[in-house]
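The values are calculated or read from the model by the stated rules, or taken from the named source; none is laboratory data. All of these numbers come straight from a predicted model, not from anything done at the bench. Reconstructed Cβ throughout: ideal geometry from the backbone, glycine too, with neighbour counts over all protein chains shown. These accessible areas exclude ligands, DNA and RNA; they are computed on the full protein's heavy atoms, side chains included. Shrake-Rupley method; radii C 1.70, N 1.55, O 1.52, S 1.80 Å.
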Amino acid sequence: MLTDEAGRLKALRTYGILDTDPEQAYDDLVLLASQICGTPIALISFVDENRQWFKSRIGLPLHETPRAVSFCAHAIEQQGIFLVEDASSDTRFRDNPFVLGEPRIRFYAGAPLITRDGEALGTLCVIDRVPRTLTDDQKEALDALRRQVETQLELRRHVVELRAALVERDNVQRALDASETRTRLIVDTALDAVITIGQDSRVTSWNAQAEVTF
């Protein structure tokens with residue numbers, strides 16, 4: 001799906017999601033995905049340059065894993081839900097350490113999280129320890145939950161952009177205030193100079209008149 005990895009990573013950064021604290025909205029969607037699909041593991045993952053990081057997770061104690069062994073790194077390159085029915089017999093994954101060892105992944109289904117500009121940031125995925133597949137209804141439900149995750153991400157992006165705009169506004173206002181202060185100082189200094197020159201001129205004129213009278 002993706003050819004511009006630099007652009008994808010740049011898009012991921014704009015959401016300010018990496019390494020953030022757990023949030024109930026995301027945790028609820030992961031719980032629903034696990035229950036609807038009947039899997040012991042469900043995750044919302046984001047694929048960074050060298051790792052996949054989990055925003056929300058059920059059934060997995062890890063916070064992140066190397067990208068090199070990530071199922072989600074494959075999922076973001078696909079259109080639609082990426083299914084692996086039996087990882088132990090799939091040449092792409094059968095030697096994966098998470099297939100050979102804990103959590104002994106056999107089944108994986110990942111729905112890519114796509115931005116409005118078409119960049120795949122990560123997945124909403126479900127994982128099982130036994131080979132299996134999803135029913136059509138489960139696929140539809142997982143896709144619906146994926147859209148809800150994307151909605152949460154867009155809300156986050158709007159908040160990030162709003163905060164940045166407010167900071168920029170405050171910076172501009174501070175710059176304007178500083179400029180106004182400098183301008184007022186210059187004007188006040190110039191007025192003081194004009195007044196001083198005027199006073200000196202009147203004194204000089206008075207002295208000249210006094211000398212003539214004398």
Subject >> Distant-in-sequence amide H partners of D48 (H built 1.01 Å from N, under 5 Å) >> reply: W53
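Given a 1.4 Å probe, how much area per residue of the chain is accessible, in Å²?
With the other protein chains kept in place, the chain gives 58 Å² per residue.
For the ranges 145-151, 107-113, 57-63, what's the packing order if you count other beta-carbon atoms within 10 Å of each residue, average per peptide, and put the highest first?
Numbers: 145-151: 18.1, 107-113: 25.7, 57-63: 14.6.
With the highest mean Cβ count within 10 Å placed first, the list reads 107-113, 145-151, 57-63.
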Original post:
Using alpha-carbon positions, what is the distance between the centroids of the stretch 48-119 and the stretch 1-34, in Å?
Top reply: 14 Å
Original post:
Calculated from the structure, log10 I(q)/I(0) by the Debye sum over Cα atoms at q = 0.08, 0.09, 0.10 Å⁻¹ equals which of (1) -0.29, -0.37, -0.46; (2) -0.48, -0.59, -0.70; (3) -0.41, -0.47, -0.53?
Top reply: (3)
Original post:
Highest GNM mean-square fluctuation, the chain, Cα pairs closer than 10 Å: which of I17, I36, I197?
Top reply: I197
**OP:** Leaving ligands, DNA and RNA out of it, report the carbon-plus-sulfur percent of the accessible area of the chain at a 1.4 Å probe.
**Re:** 55 percent
**OP:** Identify which of R163, R67, R174 has the largest mean-square fluctuation in a Gaussian network model of the chain, with springs joining Cα atoms closer than 10 Å.
**Re:** R174
**OP:** Report K55's accessible area, 1.4 Å probe, all protein chains in place, as a number in Å² to the nearest 10.
**Re:** 10 Å²
